[in-house]
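Here is the structure we will look at.
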Amino acid sequence: MKAVIQRCHSARVEVEGKVVGEVGQGLVIFLGVFATDDESCAARLAHKIAGLRIFDNAEGKFDLSVRDVGGAALVISNFTICGDARKGTRPNFSAAAPPAEANQLYERFVSLLAEQNVPVQTGVFGAAMRVLVENDGPVTVLLETTKPGQTS
């Protein structure tokens, strides 16, 4: 799994002009699922993100997690971050999981993140979405998981 994480003051996602998910302070997580991913990848990534210390403490140092600041997460499915654009000018998405499998792991990730005491909102899997993010910082982190014994 690959996640592009943005710290935000606020964010919302719209589908067909209607808001389907919205958060205040917290994280926007664009999540891509690879064909090689499984539930253990979702569990490791949810645990890592819930504890990721990218919010400022009183001294202005990264020392607090989204849980520590009482924030929430807006999780957006995004197969395009699984694209490989090293060759040519058109990304190759063959490493992305098929939609049904990706949706299952996306939903599992959302559940696991919520189990980590992070309130979660989502977009609509597979839909054309408009994501509006008021970045905080900006702070953006890229995380990628692999199964044990696999390289990325």
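We did not get these values from a lab; they are worked out from the coordinates using the rules stated. This is a predicted model, so every value here is computed, not measured. In this analysis, Cβ positions are derived from the backbone assuming ideal geometry, glycine residues included, and neighbour counts consider all displayed protein chains.
Overview of results
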item	result
Within region 96-118, tally of residues that are part of a helix (DSSP H, G or I) and either acidic (Asp, Glu) or more than 17 Å from VAL75 (Cβ to Cβ) (or both)	4
Members of region 42-56 that are within 12 Å of the chain's Cα centre (by Cα) and surrounded by 20 or more Cβ atoms within 10 Å (Cβ to Cβ)	ALA42, LEU45, ALA46, ILE49
Residue list for region 20-31, restricted to those being within 14 Å of MET129 (Cβ to Cβ) and under 15 Å from the mean Cα position of the chain (by Cα)	GLY21, GLU22, VAL28, ILE29, PHE30, LEU31
Number of positions in region 44-95 that are β-branched (Val, Ile, Thr), assigned to a strand (DSSP E or B) and over 19 Å from GLN121 (Cβ atoms)	0
Hits in region 8-36 (condition: of a type in the set (Asp, Glu) and either assigned to a strand (DSSP E or B) or under 20 Å from GLU115 (Cα atoms) (or both))	GLU14, GLU22
Criterion violated by GLY17 - all others in (1) under 16 Å from the mean Cα position of the chain (by Cα); (2) without any contact (Cβ under 8 Å) to a residue 60 or more places away in the chain satisfied	(1)
Any pair with Cβ under 7 angstrom, 6 or more apart, that starts in region 115-140 at a residue that is without any contact (Cβ under 8 Å) to a residue 40 or more places away in the chain and ends at one that is part of a loop (DSSP other than H, G, I, E, B)	none
Qualifying positions in region 70-94 - of a type in the set (A, V, I, L, M, F, W, C), in contact (Cβ under 8 Å) with a residue 12 or more places away in the chain and farther than 15 Å from ALA3 by Cα	ALA72, PHE93
Filtered residue count, region 98-145, keeping only those that are of a type in the set (Gly, Ala, Ser) and in contact with a strand residue (DSSP E or B) (Cβ under 6 Å, 6 or more places away or on another chain)	4
